[in-house]
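Only one structure is covered here, and it is reproduced in the block below.
Rule-based calculations on the coordinates, nothing more; no lab input. Note that this is a predicted model, so its numbers are computed, not measured. No Cβ is skipped: glycine too gets one built from the backbone with ideal geometry, and neighbour counts run over all protein chains shown.
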Amino acid sequence: MRKTTIITAALCASFLMAGCNKTAETSQSTSDTAATSAETSAVTSSDTSETETTPSVTGTSETNAPEHNITVEDQVSKTLSDQYGEYTNTIPKIIIDGKEAEEINASLKSYLEKTYPMDEDKKEKVVTGYRLRYTWGVKDNIISVIMIAGFVDEEGTLYEIFNYDADTLTALSGSEVVQRLGMTDKEFFDKTADAYKQYWDTEPWLGNEYKDLLEKSISVIGYDKVTPFITPNGDTGSAGYIYIPAQISEGVHCFDLDTLKAEYFS
């Protein structure tokens, strides 16, 4: 019988070619890109095979650039099946003002297929690897693509975020995203700390017993541990490294900084 272990998912927030290295309990971003350090963020949720695509929206930059019409469409990369079911990898195709962002899309597709492969184990007659789908958000001409990678044989999911500038069709660093959103680095980090505190206050299993882990999580806040992004509803998000007892290790969670609530992508 296929294993169905519930795992804690990790999200590697990165730009174009930054990758993830898995450990026994979680996945952590350890790679750097030429433009910026890789930043890690994550949540735990159940995986599904359906792809949800956010409707077309527009965004405007702070420099009064013309509005862009931004849509993200499905590209089906691969579909495989075994005795347990059918599995599909669906990756995004960014379209800006009616034109495909070809370089971004090609790089993203290549990276995702390499990092999250799905294959057939002919000996065992099962499909292995990951199923891919996505959601996305946009604000102030920042496009955030949130990839959702679910293990074929487990219930956990991995999330990886990619931030792009709709004006220049280039990847954005964490600090650049924050600046575009009209915040200082300190304001962003302080908001993230507030979200951590609210998470501890609203999760009964954490409580005062693990306040030391809250303090430890806040103490490591920085762009190597936290990344900003745009949520699907257009709010400012923060995906940050936290220490939680269930993992006996580092964990990663996403937060909506407008509400300070944990954000989960199902």
Problem set entry | Alpha-carbon gyration tensor eigenvalues x 5, square-rooted, for the range 128-225, Å | 27, 24, 10
Seminar exercise, completed: Note, THR231: beta-carbon cut-off 12 Å, +1 each Lys/Arg, -1 each Asp/Glu, net -2
For this session: Using a Förster distance of 45 angstrom, determine the FRET efficiency expected from the C-beta separation of GLU124 and GLU100, and round it to 0.05.
Result: 0.75
For this session: Could you tell me whether the range 105-146 comes out rounded, prolate or oblate from its Cα gyration tensor? Rule is a ≥ b ≥ c as square roots of the eigenvalues, rounded for a/c under 1.5, then prolate if a/b exceeds b/c, otherwise oblate.
Result: prolate
Seminar exercise, completed: Amide H proximity to GLY237 below 5 Å, modelled H, separation 5+ or other chain, gives PHE229, ILE230, THR231, LEU257
For this session: Extending each Cα 7 Å along its Cβ direction at SER107 and GLN198, get the distance between those two points in nm, one decimal.
Result: 3.3
Seminar exercise, completed: Of all chymotrypsin sites (Phe, Trp or Tyr not before Pro) in the range 117-210, the ones in DSSP coil with at most 16 other Cβ atoms within 10 Å are TRP205
For this session: Would you please classify the overall shape of the range 93-166 from the alpha carbon gyration tensor, given that a ≥ b ≥ c denote the square roots of the eigenvalues, rounded means a/c under 1.5, and beyond that prolate means a/b larger than b/c while oblate covers the rest?
Result: prolate
Seminar exercise, completed: The aspartates and glutamates whose Cα lies under 14 Å from the Cα of LYS109, excluding any fewer than 8 residues away in the same chain, are GLU73, ASP74, GLU100, GLU160
